[in-house]
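Participant: Take a look at the following structure, please.
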Amino acid sequence: MMRFDSNRAWNEAMAIVRANREVLPVLAGVFFLLPALVLALFFGDRQQAVMEAMSHLDDSAAMAAAQGQLVAMAPAALLASLIQLTGQMAVLAMLTDPRRPTVAEAIRAGLRALPVMIGAMVLALLFYLGATLLLGLALAVIASLAGGAMVAALGTLVLAVVIVVLVCRISLTMPVIVIEGQRNPLLALRRSWAITGGRVGSLLLFYVLLFLGYAVLAIAVSSVLGGAVALVAGKGATQTLVATLGAGVIAAGASVIFTALLVTIHRQLAD
């Protein structure tokens, strides 16, 4: 079994991004940046209300209000997520198709793969819910025999491990669908599960480092831009919009880079 080489994956991903730098900004702007900006423009007040409510977790009224805001935003957020998912698969097609597709052809490839990816996500969710149910039943039996507090802590730990392992093992489902052309959601999940076997630890470490790097950069850019605008124009809608724009640009770039990394990780492990 080949050992996962994160340095090789990163270097190859950067090379792929540089080789396609003319077309990737178009896809990133349309599919990653634009949906985030639209959500911020039309639902910025609701997003701000949710963030404020999350800082008062002990306030039942605030949490109820936050849930109402989330429900109101759900259709738009779901649509934005589907657009971004389509864009990510279009980027995958653009980066891996040897026929060098146009932007329109890459988008069509993303749209064709979208139902399969949705099916795989639904199956993964059902698997997670089933595992959670079985775990809950097992812990309930143990709690009835041994006591509650320690069992609850153990259950939380085991559930976290289940989530981490599941995410790592199915993280290559999208490349399997787009690059290998798999159109069966269950087989796509099984293929990802097979080629990530034995590499969960190294993949998890790599993913965590990527997330931390992105989080630090996004927070820094949003804080600097928001602070600069607040000094010039004061706090308000302009500050929120500029901070959102900065965070959106970083998120769009990160999405492109992560998609390229999926390509190189899949290439390395599948080979």
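Rule-based calculations on the coordinates, nothing more; no lab input. Not measured: the values here are computed from a predicted model. Positions of Cβ are generated from backbone atoms using ideal geometry, with glycine treated the same way; all protein chains shown enter the neighbour counts.
Participant: Within the set of other residues whose C-beta is less than 15 Å from the C-beta of Leu269, count the net charge using Lys and Arg as +1 and Asp and Glu as -1.
Facilitator: Local net charge: +3.
Participant: If each of Val122 and Thr102 carries a label point 7 Å out from its Cα toward its Cβ, how far apart are those two points in nm?
Facilitator: 3.3
Participant: If we count other beta carbons within 10 Å of each Cβ, what is the order of Val161, Val242, Val167, fewest first?
Facilitator: Lowest to highest Cβ neighbour count: Val161, Val167, Val242.
Participant: Could I ask something else about it? Ranked by Cβ crowding within 10 angstrom, fewest neighbours first, how are Ser144, Ser223, Ser255 ordered?
Facilitator: With the sparsest Cβ surroundings first, the list reads Ser144, Ser223, Ser255.
Participant: Next question, about the same structure. Could you list Thr86, Thr196 in order of exposure, starting from the residue whose Cβ has the fewest other Cβ atoms within 10 Å?
Facilitator: Taking fewest neighbouring Cβ atoms as first place, the list is Thr86, Thr196.
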